[in-house]
Amino acid sequence: MESFIVHPTLAADCHVLGTWRELRLLLHRDAHVRWFILVPETDATEWHELPAPLRDQLLTASSMLGAMLKHDDGCDKVNIAAIGNMVPQFHFHVIGRWKTDPYWPGVVWGRVEPGCVYGDGEVLELKAKVLASLLGMAGSE
């Protein structure tokens, strides 16, 4: 969707990793946790309003990211949610948590600890890893 725009709050809080199918792939700037945000290219604001093919893409991408976080990055727990009221645009969180992160065991929402951000090289590395995983998985479908 060429005219699709990511909500300004998400754009300010995140690095853009790219697009896979009809999903915008974002990485939250807070590097204390590995926090991906998936934004479907739609005007729908609720899970049940998403067209079935878009829901399927979202489930596929979030499952792949969750597996990557757990197995490749060694996260203790993966949190997946479509929650929040501050940003009206539908978005889906996939967050890798470690027992050593400063938010553990509580929630990450609205609790950004300053001082731990990604360098440009780390963002590019994660972008390549995520896109390669999604593209590789798409070939196996």
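So in region 96-110, with the set limited to residues that are under 16 Å from the mean Cα position of the chain (by Cα) and in contact (Cβ under 8 Å) with a residue 60 or more places away in the chain, which one is farthest from Ser62 (Cα to Cα)?
The qualifying residue farthest from Ser62 (Cα to Cα) is Val108.
What tally of residues in region 17-50 results from selecting those that are closer than 18 Å to Met64 by Cα and surrounded by fewer than 18 Cβ atoms within 10 Å (Cβ to Cβ)? Lay out the reasoning, then the answer.
If we filter region 17-50 for residues that are closer than 18 Å to Met64 by Cα, which is where we start, we get 17-28, 33-40.
Now drop any that are not surrounded by fewer than 18 Cβ atoms within 10 Å (Cβ to Cβ), which leaves 18-19, 21-22.
Residues flagged as closer than 18 Å to Met64 by Cα and surrounded by fewer than 18 Cβ atoms within 10 Å (Cβ to Cβ) within region 17-50 amount to 4.
Sort out which residues of region 1-48 are of a type in the set (D, E, K, R) and closer than 30 Å to Lys99 by Cα, and write them in order of number. Step through it out loud before you land on a result.
Taking region 1-48 first, the residues of a type in the set (D, E, K, R) are 2, 13, 21-22, 24, 29-30, 34, 41, 43, 46.
Of everything in region 1-48, those that are of a type in the set (D, E, K, R) and closer than 30 Å to Lys99 by Cα turn out to be Asp13, Arg24, Arg29, Asp30, Arg34.
Residue by residue, here is whether (1) under 22 Å from Ala132 (Cα atoms); (2) under 16 Å from the mean Cα position of the chain (by Cα); (3) of a type in the set (D, E, K, R); (4) modelled with pLDDT of 95 or more holds:
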residue	(1), (2), (3), (4)
Leu10	no, yes, no, yes
His15	yes, yes, no, yes
Leu54	yes, yes, no, yes
Val78	yes, yes, no, yes
Ala82	no, yes, no, no
Val94	yes, yes, no, yes
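From the list Gly96, Gly84, exactly one residue is under 22 Å from Trp47 (Cβ atoms) and not in a loop (DSSP other than H, G, I, E, B). Which is it?
Numbers: Gly84 fails: not in a loop (DSSP other than H, G, I, E, B).
When all the criteria are applied, what remains is Gly96.
All but one of (1) farther than 14 Å from Val130 by Cβ; (2) of a type in the set (Gly, Ala, Ser); (3) surrounded by 14 or more Cβ atoms within 10 Å (Cβ to Cβ); (4) free of Cβ contacts under 8 Å to residues at least 40 places away in the same chain hold for Ser62, so report the exception by its number.
(1)
The values are calculated or read from the model by the stated rules, or taken from the named source; none is laboratory data. Just so you know, these numbers come straight off a predicted model, no measurement behind them. Cβ coordinates were reconstructed from backbone atoms using ideal geometry, including for glycine residues, and neighbour counts include every protein chain displayed.
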